[in-house]
Amino acid sequence: MTQPATSAYLRFPHLRGELVAFTAEDDVWLAPLDGGRAWRVSADNVPVTHPRISPDGTTVAWTSARDGAPEVHIAPVDGGPGRRLTHWGSARTQVRGWTPDGEVLAITTHGQASLRRSWARTVPLDGGPGTTLPYGPVGHVAHGPATVILSAPMGREAAWWKRYRGGTAGKLWIDRDGDGEFVRLHDDLDGNLEYPVWAGDRIAFLSDHEGTGAVYSSLADGSDLRRHTPLDGYYARHAAGDGTRVVYTSAGELWILDDLDGAEPRRLEVRLGRPARRPGSRSRWTPPAG
C-alpha cells in the first residue's frame, strides 16, 4: 500500500520552475518539486486559497481572510513580509493567477449587486486600483494561445456537489481569434467544468462528465479530447499550471502531469516543515463585541 507523503491535507497547488506552492494548515507553503521539506510563506493561521507564483518566479500571490473578508496578498518567494493589495470586502474574492505582464489576476464581486456576479480584475503590485476585464461575470480566466473563461459557477467546487447538472454548472468559453468574441467550448460534455489552464497548445480543465472529477485536455477547437487522470478514486481538484505542466490535488495530496502527451500522474513527495515563527503571532482584524 502506498503511504501518503504527508499527513496534512494539501490544496490549491501551483508551480513555477522547480517550486510548487500550495496551502495547508491555514497557511501558504512552498516546496521543491523534486520533493522534500516545505516552508511557510504565511504564518497567519487563517483561511487561505489559490497561491500563485508570478511569471518571473519572484512573488507569490494568494487569497487570505486575515483581516476579515478574503483579499489579495503577496509576498516574496525568497522570504520577507507579506503585503495586502486589495480592500474590496467581497466574500467572493479569489486570486486566479497572473497576467502575462506581471499583475495579479483575481475575481471579485466587489461593486456588484449579487454574489453570483464575479468579475475578473488585474491588480498591480504597487497597490494601485485594479482594472476590470471586459469579460462579464466569470469564475476563471486562462491566458494562453487563446483566452478561455469559465462562466460564473454556482460558488462550490464540483467535488463539493458531485455530479451536479443544474444551470449554474461551470461552462468554458474561448476567444480563438482574439477579437473578443467567445464561443462555447465542449458544449457536448454533460458535466461541471472548472479550472481551465493552458499547457502548450492544449487547454486542460477538470470535468466530472464521466462520473468522477478528472483532468481532461483538448486542442483549442475542442478536438482530440483526452483524459489524463483515473476515474476509480477521489475527485481531481484545483488544477493549475505553468504553461507546460499541470498540478492538481486528489485526496489531499499533490499530483503533477509533466506533459499532456502521455505522461502518467505522479505524486509529489512533500513534507511540511516547522514554522519560522509561531502561527498566529501576527496582528489581525477582530470583530467588535456586540
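The values are calculated or read from the model by the stated rules, or taken from the named source; none is laboratory data. Remember, it's a predicted structure, so these values are computed and weren't measured experimentally. All Cβ positions, glycine included, derive from the backbone under ideal geometry; neighbour counts span all protein chains shown. Keep in mind that these areas ignore ligands, DNA and RNA; they rest on the heavy atoms of the full protein, side chains included. Shrake-Rupley method; radii C 1.70, N 1.55, O 1.52, S 1.80 Å.
Listed values, structure above:
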read-out	value
Some residue of the stretch 21-44 being open to solvent by less than 30 Å² (accessible area, probe 1.4 Å), in a loop (DSSP other than H, G, I, E, B) and touching a Lys or Arg at 6+ places or on another chain (Cβ under 7 Å)	yes
Tally of residues being in contact with an Asp or Glu (Cβ under 7 Å, 6 or more places away or on another chain) and either more than 22 Å from T23 (Cα to Cα) or among the small types (G, A, S) (or both) across the stretch 103-123	1
Total residues in the stretch 194-230, condition more than 18 Å from R266 (Cβ to Cβ) and surrounded by fewer than 24 Cβ atoms within 10 Å (Cβ to Cβ)	16
Residues being assigned to a loop (DSSP other than H, G, I, E, B) and either within 14 Å of L133 (Cα to Cα) or touching a residue at least 40 places away in the same chain (Cβ under 8 Å) (or both) - total across the stretch 89-102	4
Residue identified as touching a strand residue (DSSP E or B) at 6+ places or on another chain (Cβ under 8 Å) and without any contact (Cβ under 8 Å) to a residue 40 or more places away in the chain among P51, P76	P76
Number of the condition not met by P134 [criteria: (1) within 18 Å of the chain's Cα centre (by Cα); (2) farther than 24 Å from S64 by Cβ]	(1)
Selection from the stretch 66-88 of residues that are part of a loop (DSSP other than H, G, I, E, B), aliphatic (A, V, I, L, M) and open to solvent by less than 30 Å² (accessible area, probe 1.4 Å)	V77, L85
Tally of residues being open to solvent by less than 30 Å² (accessible area, probe 1.4 Å), in contact with a Leu (Cβ under 8 Å, 6 or more places away or on another chain) and either over 15 Å from R84 (Cα atoms) or in contact (Cβ under 8 Å) with a residue 24 or more places away in the chain (or both) across the stretch 108-123	3
